[in-house]
1. Which one of the conditions (1) over 29 Å from Asn250 (Cα atoms); (2) of a type outside the set (Gly, Ala, Ser); (3) touching a residue at least 60 places away in the same chain (Cβ under 8 Å) does Val72 fail to meet, given that it meets all the rest?
2. Under 8 Å between Cβ atoms, at least 6 apart or on separate chains: pull out the pairs that start in region 135-155 with a residue that is closer than 23 Å to Val101 by Cα and end on any residue that is among the basic types (Lys, Arg).
3. So how many residues does region 119-150 have that are aliphatic (A, V, I, L, M), assigned to a helix (DSSP H, G or I) and touching a strand residue (DSSP E or B) at 6+ places or on another chain (Cβ under 6 Å)?
4. If I ask for residues that are assigned to a strand (DSSP E or B) and not polar (S, T, N, Q), which ones from region 32-71 would you list?
5. Is one or more of the residues making up region 367-374 out of contact with any strand residue (DSSP E or B) (no Cβ under 6 Å at 6 or more places or on another chain), within 16 Å of the ligand (Cβ to nearest atom) and more than 18 Å from Asp284 (Cα to Cα)?
6. Run Ala239 past the list (1) modelled with pLDDT of 95 or more; (2) part of a helix (DSSP H, G or I); (3) within 13 Å of the ligand (Cβ to nearest atom) and report the number of the one that doesn't hold.
7. Every residue in region 274-291 that is crowded, with 24+ Cβ neighbours inside 10 Å and either over 18 Å from Pro389 (Cα atoms) or more than 13 Å from the ligand (Cβ to nearest atom) (or both), please.
8. What number of residues within region 305-361 are within 16 Å of the ligand (Cβ to nearest atom), among the aliphatic types (A, V, I, L, M) and open to solvent by 70 Å² or more (accessible area, probe 1.4 Å)?
Amino acid sequence: MSPTEVLVLDPKARDRVAEDRELRSRGPVARVDLLGLEAWAVSHPDYLKRLLTDNRVSKDSRRHYPDFEQTVQRWPLWLWIAVENMFTAYGADHRALRRLVGPAFNHRRTQAMRPVIQDITDRLLTRMLAKQEAGDLVDLRADFAHQLPMDVIHHLMGMPRQWQESMADPVAKVFDTSLDIAAALQNGEDLKALLARFVEHKRAHPGDDLTTDLIHARDGERRLSEEQLVDTLLLVFTAGYETTVGLIVNTHRNLLTHPRQLDIVRRNPKEATVAAVQETLRRDASIAFLPLRYATEPIDLPEADVRIEKGEPILAAYSAAGRHPDIFDQPDVFDVLRPNASTHLAFGHGTHLCLGAPLAVAEAEIATRSFLNAFPDAVLAVEEHQLTPVESIISNSLRELPITRRGDKHTRKAT
Ligand code: HEM
């Protein structure tokens, strides 16, 4: 199959593994249709690393995407290219916006978050144990993975509890690629309006949190516009939430469906839990595709038989890259002892490398280790083939992960 033949990506991502395999078979860089928009998808790790560090590749859609105006009016993923924050900035603009948020995620601050993460985890696990004792089915996604990253982000951002529930739905919908344009537009506007109200609330009630720091950078130092302030909050809430939910769900799914690997982790939880998290990021990147980048001038890739013209969109294909056989031996196998697992690109690469990666890994590690301790005989409550993926080209995870105790008859069919 030629790289210029268009692969139409399934908006509901019903069979991600097969779709990624098909994409790789078309070459390292190949044409795809992403909800009606054509782009060059990059699925080979070497090409991804090369393009993600090439300064002829930009994420600034206003400056470098000639079809920007028409696209934001008709494309359901409009918000991904229209936000005004570091995610869509280029060069010096990007560096300035990233500097505002970067310190909040440095090593020291992430280490300081560990006791907070552990407390939230312990509280959730106690609730789950009580639920199981009462004979109710525990869903590891809804009861655990969904709640932990949200509580962590709300703590970081200083968002009071009464705001939290109103955030969950609009944030999840940012990743839902089955929405039509009207619903996606409405959702983006609702989320921005909610965050603008939150900014007003924090102006009146400042605290020791990242939102207050950003408001100071805006009001005191004039380092960002009001739009950039709201959109930076939007980025941290969306980037820090659904992605980490996916990582926690995928790690638990992998361990519960691979008993020998689970055994390795149980025997050496200190080191092997982190290895299981890294191997999950490699095998099942929780961000599968990341829209969008643009060529600022023509880019020739003769070995791939591809020329990317100026202004053409480029799509990073992270989940396909994680299973590339040129880099990873038997890539579909989940192997917590894989020596090169942590060379995955699930957190991106280059200037836009994920700021929250250490935090996400800390959350997944603490969640997994604590869960395995609290639920020593947990098994899936359904057959693995009954698990259903979230309806998203971008987010790679499961809609639910029901668990029960080994030997417990309390099983049921997945919805
Ligand atoms: C498993 C969890 C996570 C995954 C898989 C993930 C993945 C990614 C990826 C792939 C990128 C690069 C996007 C690109 O290609 O340009 C990115 C950027 C980013 N991530 Fe994460 N992320 C995760 C968790 C988090 C968390 C917990 C936070 C913060 C609370 C966060 C904040 C950010 C920010 C601010 C950026 C933008 C960086 C920039 O544009 O300079 N992420 N993330």
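The values are calculated or read from the model by the stated rules, or taken from the named source; none is laboratory data. Quick caveat, the model's predicted, so the values are computed rather than measured. Because the Cβ atoms are built from the backbone with ideal geometry, glycine has one as well, and the counts that use them run over all protein chains shown. Accessible surface areas use protein heavy atoms only, side chains included; no ligands, DNA or RNA. Shrake-Rupley method; radii C 1.70, N 1.55, O 1.52, S 1.80 Å.
1. Status for Val72: all satisfied but (3).
2. Here the result reads His154/Arg161, each pair linking region 135-155 to a residue that is among the basic types (Lys, Arg).
3. Initially, region 119-150 is screened for residues aliphatic (A, V, I, L, M), giving 120, 124-125, 128-130, 134, 137-138, 140, 142, 145, 148, 150.
Of the ones still in play, those that are also assigned to a helix (DSSP H, G or I) are 120, 124-125, 128-130, 140, 142, 145, 148, 150.
Filter again for touching a strand residue (DSSP E or B) at 6+ places or on another chain (Cβ under 6 Å), leaving 128, 140.
Of the residues in that region, 2 qualify.
4. Here is the first cut: in region 32-71, the ones assigned to a strand (DSSP E or B) are 32-34, 37-42, 57-58.
Correct list: Val32, Asp33, Leu34, Leu37, Glu38, Ala39, Trp40, Ala41, Val42, Val57.
5. From region 367-374, those out of contact with any strand residue (DSSP E or B) (no Cβ under 6 Å at 6 or more places or on another chain) are 367-374; that's our starting set.
Those still in the list that are within 16 Å of the ligand (Cβ to nearest atom) too: 367-368.
Still in the running and more than 18 Å from Asp284 (Cα to Cα): none.
No, that holds for no residue.
6. If we test Ala239 against (1) modelled with pLDDT of 95 or more; (2) part of a helix (DSSP H, G or I); (3) within 13 Å of the ligand (Cβ to nearest atom), just (1) comes out false.
7. Passing the criteria: Ala276, Val277, Glu279.
8. Within region 305-361, residues that are within 16 Å of the ligand (Cβ to nearest atom), among the aliphatic types (A, V, I, L, M) and open to solvent by 70 Å² or more (accessible area, probe 1.4 Å) number 1.
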